[in-house]
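What follows is one structure encoded as structure tokens, with my remarks underneath.
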Amino acid sequence: MKSSASVSITRRLVVTVLILELLSAAALIAAITVHEWSVQLEIFDTSLVATAESLMGAVQDTEDEGDNVMLDMRGVRLAKDAVFRVEDAGDRVLGSAGEPPHLETTASGAPLFRNIRVSGRDYRFIVLNGTRIVDPGKANGGVRHSIAIIYGTPLRHVWHEVREAVRFFAIATAFLLGITAALMAWLVRKGLSPVHELAHEAERIGPGDWQFHAPESAKKTSELRPLAAALEAALARLQRSFEQQKRFTSDAAHELKTDVAIVKSSLQLLSMRKRTLDEYGQGLALSLEDIARLESTVEKMLTLAQLEQPAGSYNSSAAFQTCSLRDVIADAVHQSKPFAQLKSIEVAVEINANTDVRLPIDSRDALLLCSNILLNALQHSPDGGTVRMAVTADDDTARLTVRDQGEGISDEDRDHVFEPFYRGDPSRSRKSGGTGLGLSICKAICERAGGSIKIANDALGGAVVTVGLPAKVVASSTLSASLKAE
């Protein structure tokens, strides 16, 4: 599998900004080119008009009897490579230079401009019509002569000015782009320094050190603050999870080693000397009990491991199953009846007779949950006491409470009671058959179903376990009374 090429955020940001600036600069230079062309052309036209008017002023009286006119070029300055022609109303050429084209004049006398290519070069011409009066002191105001002037000069000067202006702005833009690129690279690297510091801090995490403290620069950056908080929370959860797994592995190994050692000791005692058949029978019976307890511990460990797997990987068919909480409680009471009778404990169940609560979990998991909680209450209740189970429900949640009449639970034990193999109360020992996995399994079942479980002390004495589970309440015609284990 080929590794994908690395992508630099700094390079992307700098290149993106430079491309946007380059496009903006290109649009600006295009606008400047159009504007400069317009300005230079206006200046050029003003020069053409001024020269054409100078030519008009150069038309003078010939001082002859016919009152004719001539062109006196003294004092008239023409541009380099300029061409012109001055004609009177009779198409008589008064003066010319080069070969200007024949252009139509305007009746209004307003200047007319034309761009024409002459001898391979671009020229701009002006056509100016005017009137010269000879001997204005004579009768009738003198003699009027209509004069037409065609004057043109090359446009290379205009193009030269436009190119120089565009070149200046292009060089300035390139210089600014270079400065912007360097400044942007520095600013982006400086802006991303909290990311590098966060990554450096994360690289320090190892199997032996799960401590992670986001750097202050990341916490002060609003965009990185959620990421830093999420990393700290995720690593804290991972650390707790690994610590729980290590503790579970250590406790499980100790628990299994103890059970195996007991079985081994029992068998060794039997083999140390010859015994009677009754002694062998008693020894084997004790060994079988120890093996059964070992088998029970292994089964509970497997059940807990399966329940703690991701949703969908354990008992996937249960995702589409529901069970009746009423029936599950009845089965749990029935299973615990022998133990309750042994301690003369009454189990009282209170359920609404007109409704049935359906739980979206497998009936086996629900039975395991209820029987473990009930067994835990029976173990902690004194002989001749009462364990009360009550169910309340609303539209989408069911609550099961189990109260015993024992000594309650200490604050220290309450924080660890759902941990595997935890035995804070000496009464939860091998004599009572407890392995320290029952409440851990209950918690795993509740969390898998999207519910919760908690334990607290009852105000009237004893402990109360409260289970909350998603449920659907349906009407039921089945009557329910208190179930008692006598």
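Overview of values
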quantity: Criterion: touching an Asp or Glu at 6+ places or on another chain (Cβ under 6 Å) and outside any loop (DSSP other than H, G, I, E, B) - qualifying residue of Leu400, Leu367; calculated: Leu367
quantity: Residue match in the stretch 400-419 (condition: farther than 17 Å from Asp458 by Cβ and open to solvent by less than 20 Å² (accessible area, probe 1.4 Å)); calculated: no
quantity: Scan of the stretch 353-396 for residues that are touching a Pro at 6+ places or on another chain (Cβ under 8 Å) and surrounded by fewer than 16 Cβ atoms within 10 Å (Cβ to Cβ), ordered by number; calculated: Asp396
quantity: Some residue of the stretch 223-236 being touching a residue at least 12 places away in the same chain (Cβ under 8 Å) and within 19 Å of Thr10 (Cβ to Cβ); calculated: yes
quantity: Single unsatisfied condition, Arg124 versus (1) part of a loop (DSSP other than H, G, I, E, B); (2) buried (at least 16 other Cβ atoms within 10 Å of the Cβ); calculated: (1)
quantity: Matching entry among Arg85, Arg74, Arg12, Arg117 (being open to solvent by 40 Å² or more (accessible area, probe 1.4 Å) and closer than 29 Å to Glu161 by Cβ); calculated: Arg117
quantity: Lone qualifier among Ala181, Ala199 - being out of contact with any Ser or Thr (no Cβ under 7 Å at 6 or more places or on another chain) and exposed (fewer than 14 other Cβ atoms within 10 Å of the Cβ); calculated: Ala199
quantity: Number of the condition not met by Arg448 [criteria: (1) of a type outside the set (Gly, Ala, Ser); (2) open to solvent by 10 Å² or more (accessible area, probe 1.4 Å); (3) in contact with a helix residue (DSSP H, G or I) (Cβ under 9 Å, 6 or more places away or on another chain); (4) modelled with pLDDT of 90 or more]; calculated: (4)
quantity: Residues of the stretch 148-178 classified as open to solvent by 80 Å² or more (accessible area, probe 1.4 Å) and over 30 Å from Arg77 (Cα atoms), total; calculated: 5
quantity: Of all residues in the stretch 422-439 being in contact with a Lys or Arg (Cβ under 8 Å, 6 or more places away or on another chain) and open to solvent by less than 50 Å² (accessible area, probe 1.4 Å), the one that is modelled with the lowest pLDDT; calculated: Ser429
quantity: Matching entry among Thr46, Thr33 (being in contact with a helix residue (DSSP H, G or I) (Cβ under 6 Å, 6 or more places away or on another chain), under 30 Å from Asn115 (Cα atoms) and of a type outside the set (Gly, Ala, Ser)); calculated: Thr33
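One line per residue, one yes/no per condition, for (1) touching a Cys at 6+ places or on another chain (Cβ under 9 Å); (2) assigned by TED's automatic domain parsing to the domain that holds Ala148; (3) modelled with pLDDT of 90 or more; (4) over 25 Å from Tyr123 (Cβ atoms):
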residue: Thr46; (1), (2), (3), (4): no, yes, yes, no
residue: Ala50; (1), (2), (3), (4): no, yes, yes, no
residue: Val59; (1), (2), (3), (4): no, yes, no, no
residue: Gly66; (1), (2), (3), (4): no, yes, no, yes
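The values are calculated or read from the model by the stated rules, or taken from the named source; none is laboratory data. Since this is a predicted model, take the numbers as computed values, not measurements. We place every Cβ from the backbone using ideal geometry, glycine too, and count neighbours over all the protein chains shown. Heavy atoms of the whole protein, side chains included, go into the accessibility calculation; ligands, DNA and RNA do not. Shrake-Rupley method; radii C 1.70, N 1.55, O 1.52, S 1.80 Å.
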